[in-house]
Amino acid sequence: MSKSRRSFLKGIALGTGGLGLAPLLNQLDIHASGDQRALPRRFVFVIKSSGLAPTAVRPNGVNIGDGSRTIDLNLRDHRLPENLQALDPFKDQMMILEGLSGANFAGNHSSYYGAMSCHNAPDKPVAPTIDCMLGSRLTAPFSNYAFAPNGHVIGSNFGPTVADTAVYPRLSAYGENRPMAYQASAEKAYRQLFGSALDLRTGGEREFDLQANLLDFLAEDTRRLSRQVNQEEREKLDSYLGAFDTVRTRNDRLREMRATIRQHAPRLADQYTSIAFADRIGTFFEMASAALKIGLTNVISIRMDWLSVKYENLGFRTTSVHDIGHGMTTDNGIPAARATDMIIRFQVEQIARLAASLRAVREGNGTMLDNTMILYFSDTGEAHHSNRHEWPFVVVGGRNLRLRTAGRYLRYANYGRNGHRTIGNWYNSILQATGLRPQDHFGQTDPNLRDLNLRGPLTELMV
């Protein structure tokens, strides 16, 4: 039976005399009023590497013909492909979106920041990405939180690949030259998200309070110094004060939410220190679910893998994602095409578990899944070495987010044909549905498509 989120939160509030739970009590008022539009809106971006072919996610029996027209079908009339079978219980709450392109920015093994900003930005971000834009709108203690199994600490492909600290996979950015970090360490992510309320040996509640006190001292010293320097230096110090205030505000909100964090935080089990790839991916999704339920963040990005990853849980001990992308048979004898499908199925199973976890929690007149959209896609379009003329998305949940995604297979005309659309149009749709002003063109325009009308959102999806 689904658990009533409202009853849970009300019980917490009554049991603690309120404990400053203003954000959560506000949600109770929203639930009581029955105003579905005021419920939290959430997004989870699940990004794989090495491409995602449309045929890998296309429903069985769907014939796209010569690709000259838009195809709009009801998923209930079609069997999901084997790669998506784990999502069959959510068939009425999902959309398979095909026929979009993103060829207007560079990409080889990855389009990097371009995948979510639609700008040519392989090395440094030049504009905010869609996940960070949403995070700035859907406020929470953490505007965004992101996980990645490994990466580089300096935001390039140079230097060692690490898995025990924050990394920069060059996917998300707050703005020009402002990349967003992804946490590669499951244990550190646990402490960052939940440690403020838990009795942990390191990184727990006591340490959180000590760090908060230190932050107050630093902020006060900076204010005192600011009164003693000239205008130019004062402006520099003001930027530091702004950063201190932002962290302080987040810490205050985390302190107010301690009772809820203690209730919903997952148990810090052995897999949080495991170096096994599958264990770490599992903990990322477990923490994502808990963070969304608690209200620590409304926007999560998960980097599922990278080219150097070896899926040992699938038996690929020495064969990497990059090797498979180049058609290599795995070291345990699996042909590359089948190995690719196995990887997709593993990733989709994690999404299905997250969706089930959210659907089990009542919210308003539905469940948390109704107000949470999970997007699964690649950072580089349709293939390992992609021309990005195809960029499929699998979307689960979010049917209360003012987008007509529930139970649809929607495919636009092929690249260059009348009726073709881009991932920029898709991101504009999300912006408009979330209350952000859509851009005339999201990101850079594609000069090869200058004869097509590619302004605004995907009208077929708008409520």
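The values are calculated or read from the model by the stated rules, or taken from the named source; none is laboratory data. All values reported here derive from a predicted model rather than from experimental measurement. Positions of Cβ are generated from backbone atoms using ideal geometry, with glycine treated the same way; all protein chains shown enter the neighbour counts.
When residues of segment 282-298 are filtered for being in contact with a Lys or Arg (Cβ under 7 Å, 6 or more places away or on another chain) and over 14 Å from SER357 (Cβ atoms), how many remain?
Taking segment 282-298 first, the residues in contact with a Lys or Arg (Cβ under 7 Å, 6 or more places away or on another chain) are 285, 292, 298.
When the remaining residues are screened for being over 14 Å from SER357 (Cβ atoms), the result is 298.
Residues meeting the conditions: 1.
Do you know which residues across segment 354-369 are in a helix (DSSP H, G or I) and either outside the structural domain of GLY315 (by TED's automatic domain parsing) or out of contact with any strand residue (DSSP E or B) (no Cβ under 7 Å at 6 or more places or on another chain) (or both)?
ALA356, SER357 - these are the residues of segment 354-369 that are in a helix (DSSP H, G or I) and either outside the structural domain of GLY315 (by TED's automatic domain parsing) or out of contact with any strand residue (DSSP E or B) (no Cβ under 7 Å at 6 or more places or on another chain) (or both).
Look at segment 319-353 and say how many of its residues are in a loop (DSSP other than H, G, I, E, B), hydroxyl-bearing (Ser, Thr, Tyr) and touching a helix residue (DSSP H, G or I) at 6+ places or on another chain (Cβ under 9 Å). Talk me through it step by step, then tell me what you get.
Let us first name the residues in segment 319-353 that are in a loop (DSSP other than H, G, I, E, B), namely 319-320, 326-335.
Add one more test, that the residue is hydroxyl-bearing (Ser, Thr, Tyr), and what stays is 319-320, 329-330.
Now drop any that are not touching a helix residue (DSSP H, G or I) at 6+ places or on another chain (Cβ under 9 Å), which leaves 319, 329-330.
The number of residues fulfilling the criteria is 3.
Could you name every one of the strands (runs of 3 or more DSSP E) located completely within segment 47-151 that has at least 1 residues being surrounded by fewer than 18 Cβ atoms within 10 Å (Cβ to Cβ) and of a type in the set (Val, Ile, Thr)?
Values: elements: 71-74, 94-98, 145-147.
Where strands (runs of 3 or more DSSP E) fall fully within segment 47-151 and carry at least 1 residues being surrounded by fewer than 18 Cβ atoms within 10 Å (Cβ to Cβ) and of a type in the set (Val, Ile, Thr), they are 71-74.
Give me the pairs: first residue in segment 389-402 and over 15 Å from ASP92 (Cβ atoms), second residue acidic (Asp, Glu), beta-carbon distance under 8 Å, and six or more apart or on different chains, which are they?
Pairs that qualify, where the first residue is over 15 Å from ASP92 (Cβ atoms) and the partner is acidic (Asp, Glu), are HIS389/GLU382; GLU390/GLU98; GLU390/GLU382; TRP391/GLU382; PRO392/GLU98; PRO392/GLU382.
When you scan segment 403-415, how many residues do you find that are farther than 18 Å from ASN74 by Cα and in contact with a helix residue (DSSP H, G or I) (Cβ under 7 Å, 6 or more places away or on another chain)?
0
Which residue out of ALA173, ALA181, ALA219 is modelled with pLDDT of 95 or more and either under 16 Å from the mean Cα position of the chain (by Cα) or closer than 18 Å to ARG255 by Cβ (or both)?
ALA173
Quick check on segment 419-446: of everything there that is farther than 15 Å from SER117 by Cβ and in contact (Cβ under 8 Å) with a residue 60 or more places away in the chain, which residue is surrounded by the most Cβ atoms within 10 Å (Cβ to Cβ)?
ARG421
So GLU363 ticks every box in (1) within 30 Å of SER196 (Cβ to Cβ); (2) touching a His at 6+ places or on another chain (Cβ under 9 Å); (3) surrounded by fewer than 23 Cβ atoms within 10 Å (Cβ to Cβ) but one. Which box is left unticked?
(3) is the only condition that GLU363 fails.
Could you tell me how many of the residues in segment 385-428 are in a strand (DSSP E or B) and not aliphatic (A, V, I, L, M)?
Going through segment 385-428 one residue at a time, the tally reaches 7.
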